Amino acid sequence: MRATIADVSNGSTFPPHRRLRGTVLMALAALVVVGFGGWLALRSSGGDGGEPARAGQPAPSPSRPAGDAPGDGESRGDGGARGGDRTTGPGGPGHGQAEPRPHSGLEGRTVVLDPGHNLRNRDHGRQIAQLVDIGNGRKECDTTGTATEDGYAEASFTLDVARRARALLERQGVKVVLTHDDDRPYGPCVDERAAIGNRAHADAAVSIHADGSGIGDRGFHVILPARVTAGRADTSRIVGPSRQLGERLAGQFRAATGSAPSNYLGDGNGLDVRSDLGGLNLSGVPKVFLECGNMRDPKDAAQLTDAQWREKAARGITKGITDFLTL
């Protein structure tokens, strides 16, 4: 055995071509060893394309990409709302991470949504009965609003639709101000509702309502401000743009919901002009009221109480407003 090893090592036993093959095999073996060692070193340093785990932190699980963990919105209970993508009401994104907002050209614009009435008004009859100045007269601070035959309150309807529209507008980069968000004991009064839009320097304001007319009276209508110049009221600058807002709102609301314009107001076009509403008289920004339907009519009430229809209503309101903003 000792002689055989010596013979192999000095090449005296084998012919030249066999010695050459042995040398090649030994070189290949060395390359394999070096390559395997380098691969192990690379893997331990995170060189497979992933970020090395920090001290005290586990590496991301291969079944979930890094950064794909549920957002902290799930534990907050706010539907994962972040920044402008609030989801306080139905219709919001409802996920822990907001999707990137596409550029809409509406960034920096401000819209005031005014949910008509307040569910707690019924508990504050004395306060809402107090009269406030609306320029050309005096009117109650607010009212309780109407309700369907089954007791679905107008105030619940208007707040739900306003929240849905807010979520849709904010996804397009619009700043949205609500005159109230179930955060007040009553009201606000009609003069304060107008003042909120004025202080916000809103590009548009929409007061959302549902009517309480007789059975058989169906459809929606948009209330436009009349020209009023009396006392604190001066609508001369907003009459024109408010009509533009109202026309686009009526068209898009009809397209989104399939509802027809009112058969009892507005001469069939869904537009009605009034001078007795403090929310319009005292507004210094383009503003309209939208009566989405008649809560006292069974057929209209069936729509108003349907969450899917209310989402359509919110989309119609949103499209009407954004059409106006891009004029």
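The values are calculated or read from the model by the stated rules, or taken from the named source; none is laboratory data. This is a predicted model, so every value here is computed, not measured. Glycine also receives a Cβ, built like all others from the backbone with ideal geometry; neighbour counts cover every protein chain displayed. Note: accessible area is taken over every heavy atom of the protein model, side chains too, but ligands, DNA and RNA are not part of it. Shrake-Rupley method; radii C 1.70, N 1.55, O 1.52, S 1.80 Å.
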>> Please go through region 121-180 and give me each residue that is in contact with a Lys or Arg (Cβ under 8 Å, 6 or more places away or on another chain), surrounded by fewer than 17 Cβ atoms within 10 Å (Cβ to Cβ) and of a type outside the set (A, V, I, L, M, F, W, C), ordered by number.
In response: ASP133, GLU149, GLY173
>> Take the residues in region 169-214 that are assigned to a helix (DSSP H, G or I) and free of Cβ contacts under 8 Å to residues at least 60 places away in the same chain; name whichever of them is farthest from the chain's Cα centre (by Cα).
In response: GLU192
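Is it true that ARG54 is open to solvent by 90 Å² or more (accessible area, probe 1.4 Å) and at pLDDT below 95? Outline the logic, then answer.
Values: open to solvent by 90 Å² or more (accessible area, probe 1.4 Å): yes; at pLDDT below 95: yes.
Spelling it out, ARG54 is indeed open to solvent by 90 Å² or more (accessible area, probe 1.4 Å) and at pLDDT below 95.
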> Going by the conditions given, is ASP203 closer than 9 Å to VAL112 by Cα and surrounded by fewer than 22 Cβ atoms within 10 Å (Cβ to Cβ)?
Replying inline: yes
> Of the residues that sit in region 292-303 and are outside any loop (DSSP other than H, G, I, E, B) and out of contact with any Phe, Trp or Tyr (no Cβ under 6 Å at 6 or more places or on another chain), which one is most open to solvent (accessible area, probe 1.4 Å)?
Replying inline: LYS299
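Residue-wise test of (1) in contact with a strand residue (DSSP E or B) (Cβ under 7 Å, 6 or more places away or on another chain); (2) in contact (Cβ under 8 Å) with a residue 24 or more places away in the chain; (3) of a type outside the set (A, V, I, L, M); (4) open to solvent by 10 Å² or more (accessible area, probe 1.4 Å).
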{"site": "ALA255", "(1), (2), (3), (4)": "no, yes, no, yes"}
{"site": "GLY268", "(1), (2), (3), (4)": "yes, no, yes, yes"}
{"site": "LEU271", "(1), (2), (3), (4)": "yes, yes, no, yes"}
{"site": "LEU282", "(1), (2), (3), (4)": "yes, yes, no, yes"}
{"site": "THR305", "(1), (2), (3), (4)": "no, yes, yes, yes"}
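Out of region 215-242, which residues are polar (S, T, N, Q), open to solvent by less than 80 Å² (accessible area, probe 1.4 Å) and either part of a strand (DSSP E or B) or closer than 30 Å to ASP297 by Cα (or both)? Outline the logic, then answer.
Of the residues in region 215-242, the ones polar (S, T, N, Q) are 229, 235-236, 242.
Of the ones still in play, those that are also open to solvent by less than 80 Å² (accessible area, probe 1.4 Å) are 235-236, 242.
Within region 215-242, just SER242 meets the criteria.
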